[in-house]
């Protein structure tokens, strides 16, 4: 992201309990309440995920399930990056999931990075010029969407 753009990395995914519609009410578990508060405060959301077992990682899907009734993503500018070996299954599923929860997602704010490990240096930083350009383009599009 460019200088001057503030962002927060959400690191509470492992704390979000399994989705249970029976306790999805005005007083959900505190990790769910925290997730919803962070989403509501954000001007936009960037999701970066791998593909796991040909799909969306379970913890991510679970967290997104908790946002359905709260409308946390409704109209929220969103970018999606799927970075994996293949990734097309998770990417396609995430586009559908984000559509179902009414995230504001555009083709310009989605990016599938296949064979991501071959595009990184030994410290895990993207080194492939084409991928860097695509990430910059996505960031620009996301900022414009926000």
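Principal-axis analysis of the Cα atoms of the chain puts helix 88-100 at an angle of about 40° to the longest axis. Extending 7 Å from Cα along the Cβ direction at residue 11 and again at residue 37 yields two label points whose distance is 1.8 nm. Angle of helix 129-145 to the longest C-alpha principal axis of the chain, folded into 0 to 90 degrees and rounded to 10: 40°.
Between 76, 104, 119, the Gaussian network model of the chain with springs among Cα atoms under 10 angstrom shows the greatest mean-square fluctuation at 119. Of all the options 72, 123, 30, the one that moves most in a Gaussian network model of the chain with Cα springs shorter than 10 angstrom is 123.
With R₀ fixed at 22 Å, the C-beta to C-beta distance from residue 132 to residue 1 puts the FRET efficiency at about 0.95.
Helix 30-41 and the longest principal axis of the Cα set of the chain meet at an angle near 60°.
Here the peptides 45-52, 127-134 are ranked by packing, the mean other Cβ count within 10 Å, and the order with the highest first is 45-52, 127-134. Computed from the C-beta positions of residue 118 and residue 59 and an R0 of 22 Å, the FRET efficiency is 0.30 to the nearest 0.05.
Does a label point 7 Å from the Cα of residue 143, set along Cα-to-beta-carbon, have any residues of region 34-55 with amide nitrogen under 16 Å, and which are they? Label zone hits: 43-46.
Every number in this text was worked out from the coordinates using simple rules, so none of it is lab data. Predicted, not measured: the structure shown is a model, and the values here were computed from it. Methodologically, a virtual Cβ is constructed for each residue, glycine included, from the backbone with ideal geometry; neighbour enumeration extends over all protein chains shown.
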